[in-house]
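The values are calculated or read from the model by the stated rules, or taken from the named source; none is laboratory data. Note that the structure is a prediction, hence the values are computed from the model and not measured. Positions of Cβ are generated from backbone atoms using ideal geometry, with glycine treated the same way; all protein chains shown enter the neighbour counts. With ligands, DNA and RNA removed, areas are computed over all heavy atoms of the protein, side chains included. Shrake-Rupley method; radii C 1.70, N 1.55, O 1.52, S 1.80 Å.
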Amino acid sequence: MYSSSELADFFASSATTYRFYAQLFFKELNEQAIDALARETYPCETGNESLDAGYALVRRYFAFPGTDRRTQLACEYARVFLAAGVYSKGKRTAVPYESVFTSEEHIVMQESRDDVVRRYWEEGFLVDPSLHEPEDHLSFELEFLSHINARCVQLCADGDREALACAVERQISFIEDHVLNWIGDLYDTACDYAKLAFYTGMILVVKGTLEQNKAILEDVRAQLSGAAA
């Protein structure tokens, strides 16, 4: 049984975490972000296989001294997520759009994107059109989860358990239908192009975080359902 303050803390932490992940996969990291990540202590045993494997890869990357990690990771980002300088004829690249991984044609702007837009609209979340990226970019999907968690914090403060239960249900559904359904394939494909352990590790970290948070949200859903009954 989670107290109101524990729920608020969980949603606030999730909002911050997803926002960071969204920034991580949208563009190359700056030196400040890289230095902060290098100073982090990554756990070895979390109880989640994806998290443990992901943290191990990130630790491996930072275990070796680097003279210019910003340039190194910028090149890696371009190679993995922008398919820059790679030969990919007849082979799927790791461009981070859900439609590329879930549509029969493996191209952008397909049904998954349309459903993502609908769900964004229902929660009052808008993607900045000036960014000129499809709405089912992994970063936008993670930013949406940050948005809905921030709203859950406010619903906890308001004591609106009915609206909170609805938001929790929508979050579970989105995680299942629009992130966990393809992030494993993104990892597998990224491994075909990555030369460093960092980004493949972080994809697994995101996957593990989603799996852990989904399990917690399912407990919260059961708790709220019981309270409503």
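Placing +1 at every Lys and Arg Cβ and -1 at every Asp and Glu Cβ, with all other atoms neutral, what dipole size does the stretch 40-129 have around its Cα centre, in debye to the nearest 20?
Its charge dipole is roughly 600 debye.
Hey, can you find the accessible area per residue of the chain for me, probe 1.4 Å, expressed in square angstrom?
50 Å²
With only Lys, Arg, Asp and Glu charged, each at its Cβ (+1 for the first two, -1 for the last two), find how big the charge dipole of the stretch 145-229 is about the Cα centre; round to the nearest 20 debye.
200 debye
Go through the stretch 56-68 residue by residue and turn each phi into a ³J(HN,Hα) via Karplus (6.51, -1.76, 1.60, θ = phi - 60°); whole Hz please, and just put x for glycine and proline.
Once θ is set to phi - 60°, the couplings for the stretch 56-68 become 4, 5, 5, 4, 4, 4, 7, 6, 9, x, x, 7, 8 Hz.
For the stretch 112-199, which trypsin sites (Lys or Arg not before Pro) are both in a DSSP coil and crowded by at most 14 other Cβ atoms within 10 Å?
Listed in order of number, the matching sites are LYS195.
First select every other residue whose beta carbon is under 14 angstrom from the beta carbon of ALA157; then total the charges, Lys and Arg +1, Asp and Glu -1.
With Lys, Arg at +1 and Asp, Glu at -1, the net is -2.
Leaving out ligands, DNA and RNA, what percent of the accessible area of the chain is carbon and sulfur, probe 1.4 Å?
Of all accessible area on the chain, carbon and sulfur atoms account for 50 percent.
Which whole-angstrom value gives the distance between the alpha carbon centres of the stretch 57-126 and the stretch 182-220?
If we compute the Cα centre of each part, the gap is 12 Å.
Once you sort the root eigenvalues of the Cα gyration tensor of the stretch 1-93 as a ≥ b ≥ c, which label holds: rounded (a/c under 1.5), prolate (a/b larger than b/c) or oblate (the other case)?
In terms of gyration-tensor shape, prolate.
Across the chain, where is the longest run that never hits GluC sites (Glu not before Pro) in a DSSP loop with at most 13 other C-beta atoms within 10 Å?
106-229
As a test of the formula, what do you get for the chain when each DSSP H run with n ≥ 4 contributes -39,500 (n - 2.57) and the sum is divided by the residue count, at 222 nm and rounded to the nearest 500 deg cm²/dmol?
-23000 deg cm²/dmol
Put +1 on the Cβ of each Lys and Arg and -1 on the Cβ of each Asp and Glu in the chain; which of PHE140, ALA215, TYR55 then has its Cα farthest toward the positive end of the dipole?
Most positive-ward Cα: TYR55.
Below 13 angstrom from the Cβ of ILE175, what's the summed charge of the other residues (Lys, Arg +1; Asp, Glu -1)?
It works out to a net charge of -2.
What is the Rg over Rh value, at two decimals, for the chain, using alpha-carbon atoms and the Kirkwood definition of Rh?
0.98
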